[in-house]
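Peer 1: Submitted below is the structure of interest, expressed as structure tokens.
The values are calculated or read from the model by the stated rules, or taken from the named source; none is laboratory data. Computed from a predicted model, the values in this text were never measured in an experiment. Note: ideal-geometry Cβ built from the backbone for every residue, glycine included; neighbour counts use all protein chains shown.
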Amino acid sequence: MRISISSSLATTLLLADAIVGASCLPKSTTRRWNGSTYSCKCFPGDDCWPSTAQWNALNSTVGGNLQVNIPPGAPCYKTFQGPFGNISTYDAQKCATVTSKFGDEQFQVDLPAAGLWTYFTNDTCRPTTNPSDSCTLGNYPVLVLTARTAAHIQAGVNFARQNNLRLIIRNTGHDFLGRSVGWGSLVINTHNFKTISTTDKWTGPGGYKGSAITAGAGVQAFEALARLNSLTPRKIMVTGECGTVGIAGGLVQGGGHGPLTNFYGFLADTALEFKVITADGALKTANSAVNPDLFWALRGGGPAAFAVIVEASYKTFNDFPSAGLTLDINPSTNTNEQLFWKAVEKFHSYSTRFVENNIYVYYELGPVPMTLHVQPIVGVNMTLAQLKAVVQPLFDDLNAIGIRYASTEKAFTTFYDLYKAMFEIEVAGNSALTGGWSIARTDVQNNHPAIIDAFKTILKAGGFLVGHMWNAGQTLPQSEWAKSAMNPRFRSVVDKLITIVPVSGNAPLAEKAEAQNRLTNVVDASLRAASPNGAAYINEADPFQPNWQNAFWGTNYPRLLSLRQKYDPNGLFYAVSTPGTEKWEQIEYGTRLCKKLN
Ligand SMILES: Cc1cc2nc3c(=O)[nH]c(=O)nc-3n(C[C@H](O)[C@H](O)[C@H](O)COP(=O)(O)OP(=O)(O)OC[C@H]3O[C@@H](n4cnc5c(N)ncnc54)[C@H](O)[C@@H]3O)c2cc1C
Ligand SMILES: *[C@@H]1O[C@H](CO)[C@@H](O)[C@H](O)[C@H]1NC(C)=O
Ligand SMILES: *[C@@H]1O[C@H](CO)[C@@H](O)[C@H](O)[C@H]1NC(C)=O
Ligand SMILES: *[C@@H]1O[C@H](CO)[C@@H](O)[C@H](O)[C@H]1NC(C)=O
Ligand SMILES: *[C@@H]1O[C@H](CO)[C@@H](O)[C@H](O)[C@H]1NC(C)=O
Ligand SMILES: *[C@@H]1O[C@H](CO)[C@@H](O)[C@H](O)[C@H]1NC(C)=O
């Protein structure tokens, strides 16, 4: 007999094994779904869901900032039937507030965990006048950690990783794709990171010596722009057209386009440095000298894919006098459908001329039939006369075809004043699926009738369009393009379209499947076919489109995939259709987030 270890040593080893074994117990569940086997994150009710003692320990680590999440509509209901049992929630006063404010963007932004566009919350607890209706959690998160320090984020990241939880980073909740909510999840809310500092002279690596802003993860565009406007000289920066969107969360990780994109590219193109927490819980700097690969990936490589941003620094620029126009064609100016489409064709054919002249245009086509609402047409660094000179040929064309329209115009001392005055406030709380495609210049030049036919198809299919005319390449030196992870095809885009297909978040599953199918295979398919040289924007597009890797990132995808494997090898972070998520699915009717094993 060759085994010579004593029985007591063997016992010790067995014990050690048991202990090691226990700590290595796979914290996951294995499930079968639709003929495949999946390894799933841990959810309430699972054996691997953390114990109350563990949650309490996390709560004390984060200074009591952990809360069980209750949907915003719950005060209108007698009972919230949550994952930890029933809670009495009725409160007439709070119900009146949430009912009247449900459409207010900033009200929703300030909530701990709501999604502004409610489709992906599953609409299981909307404000109601019938308190006896059912209010359940739907896809709202289970718990929310309202982070106030980087250490709180680190504690949340470590806890989620150690316990294999579904983790959502939530900033403003503006996300169109449902990425700021998630069934069974723990949310880390970054809304309280509101510090802003500015400098005239950036001293970090990368060669840039101009002015800059450093903003905490929760800073919103309107806050940053107001601060920059208070400086002497007045400064501006690239943001989206919507002032309530954050500047250091999903916007920059998706790219971030706006009225200054003709001049400076995407927000991602203007990034100088990030402070982040990676999936291993480490606080890191990412700039052109330190972790340059991560720096590149954070600039447009996809939200919630590589790290949690704690703070971001961007270039800022001097403000300019600016001018704006509006153009409206609707049933009160015209009721002739043929004429309407002729006018849309004329309007859209000018996208190339507009962007060549650095003009930015925001417009809506539908949802009311025969409605084209163009507000604003923006001339940054232009007088009103200069702007009108560029736009006049369009007005001449409209006059020549004999259509009636309405138009307004205004000059501003600064771009900041124009931004505040001319971009309209959007309404939150609605439910829809969002898709979109970006039209390439060559396709407008060579294939314009097909593009207008696609618009007709979309409206006929019950969808509508929001357009953004800009060019993200022409004034940015080509040497700058590769510094961000944006799909190189965006550099020749002239109109970035959002498509919208209304559908209620609590519609029957078959109705939801039909709407998704219509979005993917009719609405967006028509745009993809009409503009084969275009691209898709990860923040405003259908994540379920075919070949999304190429649509979103083109030739940059393979590098992004390898960086995802480097920085988040086990999939702590998840946002649909971001690099490396191919095997991840929400199985069981869009609930459990799981990785397919075979
Ligand atoms: C009304 C409206 C107008 C818009 N206009 C524009 C526009 O002009 N230009 C444009 O480019 N986009 C625009 N968008 C889209 C916008 O880019 C996205 O909605 C974006 O994801 C919002 O980012 P957020 O951080 O504010 O929102 P959230 O919904 O909180 O987050 C969005 C995504 O980013 C992740 N995320 C948030 N914070 C962090 C962080 N600190 N670290 C890591 N991941 C994080 C989230 O997990 C989520 O996946 C608009 C959206 C809306 C609703
Ligand atoms: C089930 O799997 C098939 C084949 O992979 C796929 O086409 C189908 O969409 C899946 N159904 C669901 C509900 O996921
Ligand atoms: C966390 O602690 C705070 C303060 O003690 C408490 O109000 C809150 O309910 C706790 N959260 C959870 C999930 O127990
Ligand atoms: C929770 O409330 C619902 C609706 O009022 C009720 O049907 C259910 O029995 C309750 N469950 C428990 C455990 O009390
Ligand atoms: C989400 O809504 C669908 C109906 O659209 C329903 O079948 C499903 O059970 C809901 N899921 C949750 C978690 O509320
Ligand atoms: C703004 O306009 C002036 C005068 O037309 C021009 O010299 C300057 O280069 C413009 N600035 C930018 C950033 O385009």
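Peer 1: Hey, among the residues in region 23-44 that are in a loop (DSSP other than H, G, I, E, B) and modelled with pLDDT of 95 or more, which one's surrounded by the most Cβ atoms within 10 Å (Cβ to Cβ)? If you could, list the steps in order and put the result at the bottom.
Peer 2: Looking only at region 23-44, we keep the residues that are in a loop (DSSP other than H, G, I, E, B), and these are 25-28, 34-35, 41, 43-44.
Narrowing the set further to residues that are modelled with pLDDT of 95 or more leaves 34-35, 41, 43-44.
On the way: Asn34: 9, Gly35: 6, Lys41: 28, Phe43: 20, Pro44: 13.
Per the stated criteria, the residue is Lys41.
Peer 1: Given Gly138, Gly184, which one is within 16 Å of ligand 3 (Cβ to nearest atom) and on the phi > 0 side of the Ramachandran plot?
Peer 2: Working: Gly138 fails: within 16 Å of ligand 3 (Cβ to nearest atom).
None of the others qualify; the one that does is Gly184.
Peer 1: Out of Ala530, Ala525, Ala551, I need the residue that is touching a helix residue (DSSP H, G or I) at 6+ places or on another chain (Cβ under 7 Å) and under 26 Å from Ser349 (Cβ atoms). Which one?
Peer 2: Ala530
Peer 1: Among the strands (runs of 3 or more DSSP E) confined wholly to region 259-357, which include 2 or more residues that are within 16 Å of ligand 4 (Cβ to nearest atom) and of a type in the set (S, T, N, Q)?
Peer 2: Values: elements: 271-277, 283-286, 308-315, 322-329.
Because the criterion is at least 2 residues that are within 16 Å of ligand 4 (Cβ to nearest atom) and of a type in the set (S, T, N, Q), no strands (runs of 3 or more DSSP E) in region 259-357 meet it.
Peer 1: Scan Asp417, Asp397 and give me the residue that is of a type in the set (Asp, Glu), out of contact with any helix residue (DSSP H, G or I) (no Cβ under 7 Å at 6 or more places or on another chain) and surrounded by fewer than 19 Cβ atoms within 10 Å (Cβ to Cβ).
Peer 2: On the way: Asp397 fails: out of contact with any helix residue (DSSP H, G or I) (no Cβ under 7 Å at 6 or more places or on another chain).
After ruling out the rest, the residue left standing is Asp417.
Peer 1: State whether one or more residues within region 233-248 are of a type in the set (S, T, N, Q), more than 16 Å from ligand 1 (Cβ to nearest atom) and under 29 Å from Gln375 (Cβ atoms).
Peer 2: Of region 233-248, the ones of a type in the set (S, T, N, Q) are 239, 244.
Filter once more, so that each one left must be more than 16 Å from ligand 1 (Cβ to nearest atom): none.
Checking region 233-248: not a single residue is of a type in the set (S, T, N, Q), more than 16 Å from ligand 1 (Cβ to nearest atom) and under 29 Å from Gln375 (Cβ atoms).
Peer 1: Would you be able to tell me the number of residues in region 62-95 that are of a type in the set (A, V, I, L, M, F, W, C) and within 16 Å of ligand 5 (Cβ to nearest atom)? Outline the logic, then answer.
Peer 2: Within region 62-95, the subset of a type in the set (A, V, I, L, M, F, W, C) is 62, 66, 68, 70, 74, 76, 80, 84, 87, 92, 95.
Now restrict to residues that are within 16 Å of ligand 5 (Cβ to nearest atom): 70, 74, 80, 84.
Final tally of qualifying residues: 4.
Peer 1: Here's a follow-up. Do we find that Ala221 is over 19 Å from Gly115 (Cβ atoms), modelled with pLDDT of 95 or more and surrounded by 17 or more Cβ atoms within 10 Å (Cβ to Cβ) in this structure?
Peer 2: On the way: over 19 Å from Gly115 (Cβ atoms): no; modelled with pLDDT of 95 or more: yes; surrounded by 17 or more Cβ atoms within 10 Å (Cβ to Cβ): yes.
Here the answer is no, as Ala221 does not meet what is asked.
Peer 1: With Gly64, Gly156, Gly173 as the choices, which residue is within 24 Å of Thr278 (Cα to Cα) and free of Cβ contacts under 8 Å to residues at least 24 places away in the same chain? Give the derivation first.
Peer 2: Numbers: Gly156 fails: free of Cβ contacts under 8 Å to residues at least 24 places away in the same chain; Gly173 fails: free of Cβ contacts under 8 Å to residues at least 24 places away in the same chain.
None of the other options fit; the residue is Gly64.
Peer 1: For residues in region 540-556 being crowded, with 19+ Cβ neighbours inside 10 Å and within 18 Å of Ala297 (Cα to Cα), which is nearest to ligand 4 (Cβ to nearest atom)? Spell out how you get there, then give the answer.
Peer 2: At the first step, the residues of region 540-556 found to be crowded, with 19+ Cβ neighbours inside 10 Å are 540-543, 545, 548, 551-553, 556.
From the residues that got through so far, the ones that are within 18 Å of Ala297 (Cα to Cα) too are 548, 551-553, 556.
Details: Trp548: 40, Ala551: 44, Phe552: 43, Trp553: 46, Asn556: 50 Å.
Once the filter is applied, the top-ranked residue is Trp548.
Peer 1: A follow-up question, please. Check whether at least one residue in region 88-100 is farther than 21 Å from Ser431 by Cβ, in contact (Cβ under 8 Å) with a residue 40 or more places away in the chain and more than 16 Å from ligand 1 (Cβ to nearest atom), and report yes or no. Steps first, please.
Peer 2: Start the filter on region 88-100 by keeping residues that are farther than 21 Å from Ser431 by Cβ, which leaves 88-94, 96.
With in contact (Cβ under 8 Å) with a residue 40 or more places away in the chain added as a condition, the list becomes 89-90.
Subset that is more than 16 Å from ligand 1 (Cβ to nearest atom): 89-90.
So far as region 88-100 goes, yes, one or more of its residues are farther than 21 Å from Ser431 by Cβ, in contact (Cβ under 8 Å) with a residue 40 or more places away in the chain and more than 16 Å from ligand 1 (Cβ to nearest atom).
Peer 1: Answer with yes or no whether Asn533 is in contact (Cβ under 8 Å) with a residue 12 or more places away in the chain, outside any helix (DSSP H, G or I) and within 22 Å of Arg161 (Cβ to Cβ).
Peer 2: Numbers: in contact (Cβ under 8 Å) with a residue 12 or more places away in the chain: yes; outside any helix (DSSP H, G or I): yes; within 22 Å of Arg161 (Cβ to Cβ): no.
Judged against the criteria, Asn533 is not a match.
Peer 1: Could you grab me the full set of residues in region 503-518 that are in contact with a Ser or Thr (Cβ under 7 Å, 6 or more places away or on another chain) and either of a type in the set (A, V, I, L, M, F, W, C) or part of a strand (DSSP E or B) (or both)? Explain how you work it out, then say what you get.
Peer 2: First, the residues of region 503-518 that are in contact with a Ser or Thr (Cβ under 7 Å, 6 or more places away or on another chain): 503-506.
If the condition is that a residue be in contact with a Ser or Thr (Cβ under 7 Å, 6 or more places away or on another chain) and either of a type in the set (A, V, I, L, M, F, W, C) or part of a strand (DSSP E or B) (or both), then Val503 is the only one that fits.
Peer 1: What residue, among those in region 45-62 that are β-branched (Val, Ile, Thr) and part of a helix (DSSP H, G or I), is farthest from ligand 4 (Cβ to nearest atom)?
Peer 2: First, pick out the residues of region 45-62 that are β-branched (Val, Ile, Thr): 52, 61-62.
Subsequent filtering for residues that are part of a helix (DSSP H, G or I) retains 52, 61.
Details: Thr52: 18, Thr61: 31 Å.
Here the residue is Thr61.
Peer 1: Of the residues that make up region 229-247, is at least one more than 28 Å from Leu283 (Cβ to Cβ), in contact (Cβ under 8 Å) with a residue 24 or more places away in the chain and assigned to a helix (DSSP H, G or I)?
Peer 2: Checked region 229-247: at least one residue is more than 28 Å from Leu283 (Cβ to Cβ), in contact (Cβ under 8 Å) with a residue 24 or more places away in the chain and assigned to a helix (DSSP H, G or I).
Peer 1: Would you confirm, using the coordinates I've provided, whether Gly115 is outside the structural domain of Ser431 (by TED's automatic domain parsing) and on the phi > 0 side of the Ramachandran plot? Spell out how you get there, then give the answer.
Peer 2: Numbers: outside the structural domain of Ser431 (by TED's automatic domain parsing): yes; on the phi > 0 side of the Ramachandran plot: no.
Spelling it out, it is not the case that Gly115 is outside the structural domain of Ser431 (by TED's automatic domain parsing) and on the phi > 0 side of the Ramachandran plot.
Peer 1: A follow-up question, please. Among the candidates Leu527, Leu509, Leu563, which residue alone is closer than 30 Å to Arg353 by Cβ and out of contact with any Pro (no Cβ under 6 Å at 6 or more places or on another chain)? Show your work before the answer.
Peer 2: Details: Leu509 fails: closer than 30 Å to Arg353 by Cβ; Leu563 fails: closer than 30 Å to Arg353 by Cβ.
Within the list Leu527, Leu509, Leu563, the selection yields Leu527.
Peer 1: Would you point out which residue out of Leu251, Leu231 is of a type outside the set (Val, Ile, Thr), more than 25 Å from Thr146 (Cβ to Cβ) and more than 16 Å from ligand 4 (Cβ to nearest atom)?
Peer 2: None of the other options fit; the residue is Leu231.
Peer 1: State whether one or more residues within region 569-585 are part of a helix (DSSP H, G or I) and either surrounded by 23 or more Cβ atoms within 10 Å (Cβ to Cβ) or at pLDDT 95 or above (or both). Quick ask: steps written out before the conclusion?
Peer 2: To start, the set of residues in region 569-585 that are part of a helix (DSSP H, G or I) comprises none.
No, the conditions are met nowhere in region 569-585.
Residues are listed down the side, and each one gets a yes or a no for (1) outside the structural domain of Asn447 (by TED's automatic domain parsing); (2) on the phi < 0 side of the Ramachandran plot; (3) buried (at least 16 other Cβ atoms within 10 Å of the Cβ); (4) within 16 Å of ligand 5 (Cβ to nearest atom):
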{"site": "Glu480", "(1), (2), (3), (4)": "no, yes, no, no"}
{"site": "Asn487", "(1), (2), (3), (4)": "no, yes, yes, no"}
{"site": "Val493", "(1), (2), (3), (4)": "no, yes, yes, no"}
{"site": "Thr499", "(1), (2), (3), (4)": "no, yes, yes, no"}
{"site": "Leu509", "(1), (2), (3), (4)": "no, yes, no, yes"}
{"site": "Ala513", "(1), (2), (3), (4)": "no, yes, no, yes"}
